[in-house]
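See structure below.
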Amino acid sequence: MRNLKIDNIWHNILTAIFIVFVFLLETTIKPTNESPSLDQQTILKLLFFYGSALFVLVKFKLKFIFNFQLKLFFLYIFYLAVSSAWSSYSLVSLAYSGIWMVFILLVVRLVSTQDDVSKLTWMFYLSLSAISIISLTLYFIGYESAFFSEEVTSSISVIRLKGLTGSPTTIGNISGLLFILSTNYYFIDKLRSKIVIISGFSSILVLAMSYSRTSIAASFICSLYLVFFLIKNRLFKIILLVIGVLSSLFLLLNVINPNVEAVTKSGNLNEIFTLMGRTTIWVEAIDNIKERFFFGGGLGSARWIMASNYFEYGRTYTTSHNFILESLIENGLVGTIILMIVLVSCIYSLFKNSKLDGRRMRLYFILFLYLLVVGLTEKSFVGPLNVKSAALMLVLIYASVPLKGISLEIIPPIQKS
């Protein structure tokens with residue numbers, strides 16, 4: 001009885017660590033400098049991340065069998081750690097790979113002890129909710145680092161929310177994940193608690209105020225996909241699809257400003273043809289890839305490799321805005337091949353699991369799809385552990401079902417209101 005009580009206390013500690021872990025991944029009190037060094041804020045985070053390993057490794061037990069997919073993912077993380085040997089930023093690369101390993105062991109231990117991937121997803125959801133709500137609070141009280149003014153077009157300037165993350169795109173990506181999960185809990189799982197309602201509304205506000213167009217479009221389409229399956233009548237589904245297509249055509253032909261140059265930031269039509277400057281970034285990324293083609297520059301190196309370049313319209317970027325290019329920069333061809341096999345295997349396993357739990361599979365498939373879409377044009381899940389890669393970790397764990405001791409419980413551990 002005493003051992004059981006201790007185990008429960010330890011499990012609660014690990015759960016709290018997981019929530020804080022996710023919360024700290026991309027939050028910042030003040031923007032960090034773009035240099036290959038560990039600033040004071042980052043060092044404090046590292047102390048927490050590595051300190052949590054003391055709780056993770058004590059009485060560590062593996063209750064489930066690692067299948068091929070998870071073994072391959074561990075091989076990928078091992079490769080990230082080894083890459084620090086040839087990285088230009090060895091100390092930073094080694095530190096980041098250690099965070100990856102601690103987080104994976106934390107996830108594995110929690111899933112194996114609570115026997116439910118969806119409970120851990122709920123804890124992930126609570127952490128995202130905290131980021132969203134605190135970011136909105138900081139914005140409305142006028143905290144200087146929570147927002148900044150930026151030109152959306154050559155004629156329109158807006159105040160974009162960046163909240164705790166230091167970047168509107170990052171907070172937009174996070175709120176997109178939060179919106180998808182809120183939609184699932186409210187409409188699919190019928191979980192009408194205050195937490196879900198507040199989190200859902202906050203995610204919508206953050207999405208709108210971040211002006212992250214990719215996150216807004218991707219999260220709303222993914223959420224609509226989830227809700228679409230609630231409709232039982234096939235004819236009604238077809239009617240809704242037709243209405244959606246016709247409405248889009250109407251907006252395209254009648255509402256969009258015919259002066260295309262007016263909707264660019266620079267007033268230059270070429271910005272549209274370069275996908276808001278992304279093709280220029282991709283070309284520069286490819287040039288960087290050629291310099292270290294087979295083994296890459298090491299974990300976390302893309303941030304400083306890309307920041308050393310200057311792009312059109314006076315911008316500087318710390319990401320290649322494409323997860324494949326990002327992987328090639330950091331992991332090289334060898335690491336990218338391993339990662340691509342893991343992702344393809346994940347898709348295969350998700351559809352395989354649809355026979356066991358089609359409703360839950362759709363949630364993790366949509367989360368996976370959202371990460372891929374956002375990763376094609378924005379900062380991706382590749383590189384140092386971030387909120388999106390943490391979400392990918394949950395998808396990979398779910399896709400590895402059936403594992404010994406893992407159940408497919410749907411409702412998270414709170415009471416329905």
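The values are calculated or read from the model by the stated rules, or taken from the named source; none is laboratory data. The model shown is predicted, which means the values in this text are computed figures rather than measured ones. Neighbour counts are summed over all protein chains in view; Cβ atoms, including those assigned to glycine, are modelled from backbone coordinates with ideal geometry.
Sort through Val111, Val92, Val117 and tell me the only one that's surrounded by 22 or more Cβ atoms within 10 Å (Cβ to Cβ) and farther than 22 Å from Val342 by Cβ.
It is Val92.
Looking at Val255, Val263, Val206, Val283 in this structure, which one is within 25 Å of Phe187 (Cα to Cα) and either at pLDDT 60 or above or not assigned by TED's automatic domain parsing to the domain that holds Ile134 (or both)?
Working: Val255 fails: within 25 Å of Phe187 (Cα to Cα); Val263 fails: within 25 Å of Phe187 (Cα to Cα); Val283 fails: within 25 Å of Phe187 (Cα to Cα).
Criteria check complete, one pass: Val206.
Across region 23-55, which residue is farthest from Thr121 (Cα to Cα) among those that are at pLDDT below 85 and in a helix (DSSP H, G or I)? Explain how you work it out, then say what you get.
Going through region 23-55, the residues at pLDDT below 85 turn out to be 29-43.
From what is left, the residues that are in a helix (DSSP H, G or I) are 40-43.
Details: Gln40: 30, Gln41: 27, Thr42: 26, Ile43: 27 Å.
Applying the filter and picking the extreme gives Gln40.
Is it the case that Arg160 is without any contact (Cβ under 8 Å) to a residue 60 or more places away in the chain, surrounded by fewer than 23 Cβ atoms within 10 Å (Cβ to Cβ) and farther than 17 Å from Val395 by Cβ? Steps first, answer last, please.
On the way: without any contact (Cβ under 8 Å) to a residue 60 or more places away in the chain: yes; surrounded by fewer than 23 Cβ atoms within 10 Å (Cβ to Cβ): yes; farther than 17 Å from Val395 by Cβ: yes.
Spelling it out, Arg160 is indeed without any contact (Cβ under 8 Å) to a residue 60 or more places away in the chain, surrounded by fewer than 23 Cβ atoms within 10 Å (Cβ to Cβ) and farther than 17 Å from Val395 by Cβ.
Could you tell me whether Ser84 is modelled with pLDDT of 90 or more, assigned by TED's automatic domain parsing to the domain that holds Thr319, polar (S, T, N, Q) and crowded, with 19+ Cβ neighbours inside 10 Å?
Numbers: modelled with pLDDT of 90 or more: no; assigned by TED's automatic domain parsing to the domain that holds Thr319: yes; polar (S, T, N, Q): yes; crowded, with 19+ Cβ neighbours inside 10 Å: yes.
The answer is no for Ser84.
Within region 190-216, take every residue that is buried (at least 18 other Cβ atoms within 10 Å of the Cβ) and in contact with a Pro (Cβ under 8 Å, 6 or more places away or on another chain) and give me the one that is nearest to Leu369 (Cα to Cα).
Ser212
Are any residues in region 184-210 assigned to a loop (DSSP other than H, G, I, E, B) and charged (D, E, K, R), and if so, which ones? Give the steps one after another, and end with the answer.
The first filter runs over region 184-210 and keeps only residues assigned to a loop (DSSP other than H, G, I, E, B), leaving 189-193.
Of everything in region 184-210, those that are assigned to a loop (DSSP other than H, G, I, E, B) and charged (D, E, K, R) turn out to be Asp189, Lys190, Arg192.
Within region 360-395, which residues are closer than 22 Å to Ser112 by Cα and more than 13 Å from the chain's Cα centre (by Cα)?
Arg360, Met361, Leu363, Phe365 - these are the residues of region 360-395 that are closer than 22 Å to Ser112 by Cα and more than 13 Å from the chain's Cα centre (by Cα).
Is it the case, given these coordinates, that Thr183 is in contact with a helix residue (DSSP H, G or I) (Cβ under 6 Å, 6 or more places away or on another chain), hydroxyl-bearing (Ser, Thr, Tyr) and within 30 Å of Asp357 (Cα to Cα)? Can you show your working first?
On the way: in contact with a helix residue (DSSP H, G or I) (Cβ under 6 Å, 6 or more places away or on another chain): yes; hydroxyl-bearing (Ser, Thr, Tyr): yes; within 30 Å of Asp357 (Cα to Cα): yes.
Yes.
Residues Phe323, Phe365, Phe311, Phe295: which one is modelled with pLDDT of 85 or more, closer than 23 Å to Gly166 by Cβ and aromatic (Phe, Trp, Tyr)?
Numbers: Phe365 fails: closer than 23 Å to Gly166 by Cβ; Phe311 fails: modelled with pLDDT of 85 or more; Phe295 fails: closer than 23 Å to Gly166 by Cβ.
That would be Phe323, the only listed residue that is modelled with pLDDT of 85 or more, closer than 23 Å to Gly166 by Cβ and aromatic (Phe, Trp, Tyr).
Restricting region 104-154 to residues that are at pLDDT below 85 and in contact with a strand residue (DSSP E or B) (Cβ under 8 Å, 6 or more places away or on another chain), which is farthest from Ser175 (Cα to Cα)?
Filtering region 104-154 for residues that are at pLDDT below 85 and in contact with a strand residue (DSSP E or B) (Cβ under 8 Å, 6 or more places away or on another chain), the one farthest from Ser175 (Cα to Cα) comes out as Asp115.
Based on what the data block shows, is Val20 in a helix (DSSP H, G or I), within 23 Å of the chain's Cα centre (by Cα) and modelled with pLDDT under 90? Walk me through it before giving the result.
Working: in a helix (DSSP H, G or I): yes; within 23 Å of the chain's Cα centre (by Cα): yes; modelled with pLDDT under 90: no.
When the stated conditions are applied, Val20 does not pass them.
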